[in-house]
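Everything below concerns the one structure shown next.
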């Protein structure tokens with residue numbers, strides 16, 4: 001009987017020990033961790049992701065995990081930075097949608113003649129950029145310009161296959177709006193719907209990024225070049241330029257990602273004295289180069305450049321008194337599939353908490369040390385053993401050759 005009890009105790013201890021090793025081993029592939037703030041009561045929590053955390057994750061944040069003090073992974077879903085719910089969106093009837101002559105033209109009807117200062121277009125995800133114009137009419141015959149040279153950004157990182165783009169313009173009550181999207185010789189973007197949100201004050205929110213270096217060079221090719229450098233490979237969503245001189249200006253601008261001697265265009269827009277001088281982007285970069293084409297005009301006096309990232313959140317149900325932390329930094333991680341994404345719109349009462357700065361995951365360090373053992377001694381032993389075998393067989397072969405042969409009569 002005592003032997004049976006002893007066997008059960010040994011088995012239980014071995015099971016718990018193995019489970020503990022298994023739970024902790026799942027964390028060893030993540031380079032970084034960040035502590036999540038205290039949970040005062042059980043419920044849904046919205047956690048803002050700091051730019052440094054996003055910079056050290058995969059492009060789609062497929063390696064982001066939440067783990068509790070019991071080493072159990074916790075379900076979450078990613079939220080749009082605008083924090084608008086699907087049911088808040090009012091779709092406008094699309095009267096026509098066509099693509100021809102290198103442009104896509106869409107006509108919308110504002111049946112209630114609401115006073116609008118923006119329209120939201122819902123696109124399928126695309127890593128491209130386009131220009132757009134907005135016109136207004138009351139009879140679909142006479143069209144009047146509202147806003148020109150609007151830069152459409154590429155899709156940002158989301159947990160869906162589509163993204164929203166806001167087009168801002170001076171207040172108007174036109175019954176019909178025409179949106180022209182210029183594709184050049186390239187394929188058109190796929191438009192899913194267009195309209196407004198019930199709460200029109202809701203807009204995308206941004207988090208300021210720390211700029212390490214800003215330098216300005218006026219070139220002989222009638223352009224001004226701005227060099228922007230960042231300490232991390234941040235996700236950059238918007239650049240804003242504070243221009244003090246001259247009083248009136250309109251300049252074409254191009255933005256490039258710099259990678260050593262190579263550079264790649266990721267955006268373009270127009271800086272003008274009557275605009276907000278914002279360029280929307282969706283790119284990760286350590287360094288950017290901004291080219292301002294001056295033509296025959298004097299260069300702009302740019303007092304400040306602001307770089308910002310679209311604010312990103314995750315939503316999770318957290319238990320009172322439990323301790324949680326983020327894990328991130330696994331290039332091979334696959335995006336988890338959680339049921340939580342189906343409950344994002346039903347969680348109306350949400351508290352917001354933050355997370356600490358990014359730290360190295362000590363378990364990852366232990367794995368690195370363990371994954372690189374020194375086999376030098378074993379390698380030399382194997383080489384010496386092979387040489388000794390070769391010498392032995394060589395000696396044996398020479399002995400056989402030199403042995404005198406006896407002839408029989």
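Only one residue in 307, 287 is closer than 30 Å to residue 129 by Cβ, modelled with pLDDT of 90 or more and surrounded by fewer than 19 Cβ atoms within 10 Å (Cβ to Cβ), so which one is that?
Just a single option satisfies the conditions, and that option is 287.
With respect to residue 234, is the statement that it is farther than 21 Å from residue 295 by Cβ and either surrounded by 14 or more Cβ atoms within 10 Å (Cβ to Cβ) or in the same structural domain as residue 286 (by TED's automatic domain parsing) (or both) true?
In short, yes.
Kindly establish whether residue 313 is closer than 30 Å to residue 71 by Cα and over 19 Å from the mean Cα position of the chain (by Cα).
Against the criterion (closer than 30 Å to residue 71 by Cα and over 19 Å from the mean Cα position of the chain (by Cα)), residue 313 does not qualify.
Within region 90-104, which residues are over 26 Å from residue 198 (Cβ atoms), in contact (Cβ under 8 Å) with a residue 24 or more places away in the chain and touching a strand residue (DSSP E or B) at 6+ places or on another chain (Cβ under 7 Å)?
Of everything in region 90-104, those that are over 26 Å from residue 198 (Cβ atoms), in contact (Cβ under 8 Å) with a residue 24 or more places away in the chain and touching a strand residue (DSSP E or B) at 6+ places or on another chain (Cβ under 7 Å) turn out to be 102, 103, 104.
Would you pick out the residues in region 42-76 that are within 21 Å of residue 205 (Cα to Cα) and not in a loop (DSSP other than H, G, I, E, B)?
Passing the criteria: 44, 45, 46, 47, 48, 49, 51, 52, 53, 54, 55.
Quick check on region 188-213: of everything there that is in a strand (DSSP E or B) and at pLDDT below 80, which residue is farthest from residue 97 (Cα to Cα)?
Applying the filter and picking the extreme gives 213.
Could we say that residue 348 is more than 19 Å from residue 43 (Cβ to Cβ) and at pLDDT below 85 here?
For residue 348, the condition - more than 19 Å from residue 43 (Cβ to Cβ) and at pLDDT below 85 - is not met.
The values are calculated or read from the model by the stated rules, or taken from the named source; none is laboratory data. Please read these numbers as outputs of a predicted model, since none were measured by experiment. Every residue, glycine as well, gets a Cβ built from its backbone with ideal geometry; the counts of neighbours run over all protein chains shown.
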